[in-house]
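So that we are looking at the same thing, I have put the structure below in structure tokens.
Nothing in this text is a laboratory measurement; each read-out follows from the coordinates by a stated rule. These numbers were taken from a predicted model, which means no experiment stands behind them. Cβ atoms come from the backbone with ideal geometry, glycine included; neighbour counts cover every protein chain shown.
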């Protein structure tokens, strides 16, 4: 188990080693290869577009992003019952005003959804598809210097385009895994079938 007093999480061959890049928390690598992250109560990332206080209490377990890559995982939430806005997410972090996350999130209407948030000073929050299964595959790709893409998938083979965006940030960027529990007591996020590739998809809209 990776806790505050351990700095590097050694991953299986082919995956980058992980470190606490934003804050610190608790994670465990299960025998079946699933990575589990536990969110503390009230943790989230948001730069409220309505002008409310910023929140960056959720911990990111990740690695420094190379110039081009793709990272995907089958995301789920083990905590039951789920609470509003709890999520397992893939996240990108430059600084407090430049970040993004692709979430398997629980809506106020009691539905699990793919939700993306892109922040350049203020957060642009966008709901995508409703997810009927207890999991969804998420993918984040860096396709250019400041250019990123989000995709989701029901099976990890055919990918649906979610978002293409730029982050106006020239410094180092951390990317990885995040669990959030803005309104709940906890959220245990699970990430299985983790795949890292140095090559992002060549076509962002053809399902590959």
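For the range 74-208, calculate the relative contact order in percent as a whole number, restricting contacts to Cα pairs under 8 Å that are 6 or more residues apart.
31
Running a GNM on the chain with Cα contacts under 10 Å, which residue among 184, 110, 51 ends up with the highest mean-square fluctuation?
In this elastic network of the chain, the residue with the biggest mean-square fluctuation among 184, 110, 51 is 51.
I've got another one for you. Given the Cα atoms of the range 89-203, and with Rh set as the inverse mean 1/r over their pairs in the Kirkwood sense, what is Rg to Rh to two decimals?
Reported Rg/Rh, Kirkwood definition of Rh: 0.94.
Could you work out which residue, out of 77, 121, 175, moves most in a Gaussian network model of the chain, that is, has the largest mean-square fluctuation with Cα springs under 10 Å?
Taking springs between Cα atoms under 10 Å, the residue moving most is 121.
Can you give the log10 of the normalised intensity I(q)/I(0) at q = 0.24, 0.25 Å⁻¹, computed with Debye over equal Cα scatterers of the range 47-140?
Those come out to -1.40, -1.45, one per q.
In vacuo Debye scattering of the range 4-54, one point per C-alpha: log10 I(q)/I(0) at q = 0.18 Å⁻¹?
-0.73
Further, regarding this structure: Run a plain Debye calculation on the chain (Cα atoms as equal point scatterers, no solvent) and give log10 I(q)/I(0) at q = 0.08, 0.13, 0.17, 0.19 Å⁻¹, rounded to two decimals, same order as the q list.
-0.23, -0.63, -1.17, -1.54
Compare 176, 94, 144 in a GNM of the chain, Cα atoms joined below 10 Å, and give the one with the largest fluctuation.
144
How many nm is it between the label spots at residue 13 and residue 147, if each spot is 7 Å from the Cα in line with the beta carbon?
Each label point is offset 7 Å from its Cα along the Cβ direction, giving 3.4 nm.
What area, in nm² and to one decimal, does the C-alpha convex hull of the range 1-109 cast on average over all directions?
8.2
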